[in-house]
Every structure is written in C-alpha cells, then in structure tokens.
Amino acid sequence: MQLSDTLIHRYPPAAFRTIQRMGRTASEIDRWFRELFAAEIRAEMARQRITGRGLARRLGENPQWAAQRINGVVPLNTDDIPRFAEALGMTTKRLLELVAAAIP
C-alpha cells in the first residue's frame, strides 16, 4: 500500500490535499496534525480563559497528562478528542471544524 493510500483514509479530503502538496513523510504529517490539534485546543482555552490546570480538572486528569496533549507532545487519540471538546464546552464536530479551518 502506498503512503497516499494510507493517508487518504486517515485524514479529511482538504487535509489530504494539503498533505500531498507538502510532500512530507507520514511521521511528519502525524506531527503536523498533532500540533494543529494542540494549537486549536490552546486557542480555545485562551478564548475561554481556561488554564491548563483548569482544563485538566474538567477532564478529570492530572495537569501533566493534559499538558502533554495540549502542547502536542502526546497525540490525541480518538477517545481524547471528544473529551477535550466536551471539556471546552463544544461538540466534537465543532472542534474538528476549528481544526479543519486551520488547515492551509
């Protein structure tokens, strides 16, 4: 299976087109998405004036766990995304829309 065959099933079409233009490896693309999600979460935290500790409390996790994901050190998994969306008072769809809107 080629890289493009794998990626087309992992990312939305607009993101996939951007990925193709970028000419990056799969690990670089995963890092890019991890950082993109983290940046949107931090932006929403700033808009709502939520601290990292406050978000961790809403998530029921310790601050280090939350910080690793908020800073893009650890990627969000499919269970984390809805949890972060809920903790930020939005739907998963809305969080994904914010991330999609940030794709160049």
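The values are calculated or read from the model by the stated rules, or taken from the named source; none is laboratory data. Everything quoted here is computed from the prediction, not taken from an experiment. Please note: Cβ atoms are built from the backbone with ideal geometry, for glycine as well, and neighbour counts cover all protein chains shown.
For the reader, a short list of remarks on this structure follows.
- Among the numbered conditions (1) modelled with pLDDT under 75; (2) part of a loop (DSSP other than H, G, I, E, B); (3) within 14 Å of the chain's Cα centre (by Cα), the only one that residue 1 does not meet is (3).
- Residues within segment 75-95 that are surrounded by 15 or more Cβ atoms within 10 Å (Cβ to Cβ), under 23 Å from residue 27 (Cα atoms) and without any contact (Cβ under 8 Å) to a residue 24 or more places away in the chain, tallied: 1
- Selection within segment 25-58 - crowded, with 16+ Cβ neighbours inside 10 Å, over 10 Å from the mean Cα position of the chain (by Cα), among the aliphatic types (A, V, I, L, M) and part of a helix (DSSP H, G or I): 29, 45, 55, 56
- Scan of segment 59-104 for residues that are in a loop (DSSP other than H, G, I, E, B) and hydroxyl-bearing (Ser, Thr, Tyr), ordered by number: 78, 91
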